[in-house]
Every structure is written in C-alpha cells, then in structure tokens.
1. Let me have the relative contact order for segment 3-214, percent, based on Cα pairs under 8 Å that are six or more residues apart.
2. From the phi of every residue in segment 26-35, what ³J(HN,Hα) in whole Hz does the Karplus formula 6.51 cos²θ - 1.76 cosθ + 1.60 yield, where θ is phi - 60° and glycine or proline is x?
3. What does the convex hull of the Cα atoms come to per residue for segment 47-92, in Å³?
4. Given Cβ point charges of +1 (Lys, Arg) and -1 (Asp, Glu) and nothing else, what value in debye, to the nearest 20, does the dipole of segment 17-175 about its Cα centre take?
5. Pick from LEU122, LEU45, LEU89: which is most flexible by mean-square fluctuation in a GNM of the chain where alpha carbon atoms under 10 Å apart are linked?
6. For segment 110-146 and segment 1-45, what is the separation of their Cα centres, given in Å?
7. Check which residues have an amide H placed less than 5 Å from GLY85's amide H, if you skip close sequence neighbours.
8. Please list, in order along segment 176-190, the HN-Hα scalar couplings obtained from phi with the Karplus expression 6.51 cos²θ - 1.76 cosθ + 1.60 (θ = phi - 60°), rounded to whole Hz, x for Gly and Pro.
Amino acid sequence: MAVFVLIHGGGSTAWDWHLVAPLLETAGHGVVAVDLPIEDAGAGLEDYTRAAMDAVGAARHTIVVGHSLGGFTAPLVCEALHSDGLVYLSAMIPMPGETFGDWWTNTGHDRENIPEEPYFNLVTAELAQQATDRGRDQQGAWMSDPWPGKHPDVPTLGILCRDDLFFPPEFMKRQIRDRLGTEPVEIPGGHYAPLSNPDAVAAALIDFAGQTASGNHTA
C-alpha cells in the first residue's frame, strides 16, 4: 500500500485534506498531510521540501500529491523522497527554470476568463468558511526565482476538475498534455475538490496507487 504525501495549495493548510485522508486510510493507505512554512518570507522551496521530508520520516512507497500552488513543491518532494509516483491535482505544473510569475503567461492562464470568486464553487458554505478562517498569508521570495526542479521519472498523473473555475478544464487539459505529455484524469468538483468532492479525489488517488503498484501506469 502507498503512503500519500499531501501538499496543500497557496495560503492553505494541511486541513484542506481532512475529508480525503480518512477515505485513503480506509482503503489501507497511509497519509501524511503536510503544513508548509508558507508564512515565512525567507522560506524557499528547499524549506518546503524539508518540511515534507520531516513529516514523512521513514515512510516508504510514497506518492506525492500537489494541489494548486503545491504543484511547485510536489515534484521536489517526490525527488527527495524517491517516491513511487506523483500527482498534480488542479495544480500548476512548472517547467525547469520557469518562475511562478512566468507560469501564468507561459501557460496562457492570463488569457482565461476567470470569475471574481473562483475558488470555493461547489464547496458548502460551512466548509468554505472554515477554509477561509484557516487561510494563511502566502509569502515567498522563491516565487521570483527560476524553478529549480524537473519532472521526476516516475508514474505521474494530472487530475483536472470538471467544475474548476480557477483552472478551467480546457486550460488544464492543455497544460497536462503539453507539460506532462499525458491525458488527464477528469473528476467532478471545483478547484477545491478535496472539499467539494473528496470521494472523487480519493477514488482517483486510490486507482493511481493500484496502477503504480502493478506497473500499469506510464508517466
């Protein structure tokens, strides 16, 4: 069984995964939801990676999952842990040497028609308020620096959410095809699918873990 290392998005916390984690555990998998040091303006991606490694400890057979901005951290953690797989869930997929700022124009996201409140569609009002209350101030001079990573040579999955208003489905299809060279797995849910549709997120991750363990998934 796999140990899922769950990386939250910008301004968020490990709490984002609190509905997905028990579903993965019920299926027999381990879960480590990481809180990154995002409020520390001096913390770089290497510090984010170290925080994840410290949280994981000696666990093996890990699969790293990055949500949204977590896509900049997840591949680095995957490499550091020698993980068995990598998942981008409604996530930014950076290219080597690309900055956070450049990503928006390089991918064409700056040409998308994004509504004013794109994040919590389909999330209940109660959960959206809880997420907002837990929100943190995302800092990081690293966002101006070239991304220091590469795409790990491991089975890799790109998941798009069909109801995502922030990273719309057609945009995500292009990003996954262009940057990973694979077809996306589509699930229902908005940008915060771990809160709006945790069952679909967990099912996709469990299926990926099964394919990875059997060697049936190709990166």
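No value in this document is a laboratory result; all are computed from the given coordinates. Keep in mind that what you see is a predicted model, and the values were worked out from it rather than measured. So basically every Cβ, Gly included, is an ideal-geometry build from the backbone, and we count neighbours across all protein chains shown.
1. Details: 413 pairs, mean separation 51.0, N = 212.
Taking the mean separation of contacting Cα pairs over the length of segment 3-214, I get 24 percent.
2. Those phi angles translate into 4, 7, x, 9, x, 9, 10, 9, 9, 9 Hz.
3. Details: hull volume 2.6 nm³, N = 46.
Given the Cα convex hull of segment 47-92, per-residue volume reads 56 Å³.
4. Numbers: 9 positive and 23 negative charges, 95 e Å.
That gives segment 17-175 a dipole magnitude of about 460 debye.
5. Result for the chain, Cα springs under 10 Å: LEU122 fluctuates most.
6. Here the two parts' Cα centres lie 16 Å apart.
7. VAL64
8. 5, 5, 6, 9, 10, x, 10, 8, x, 8, 9, 10, x, x, x
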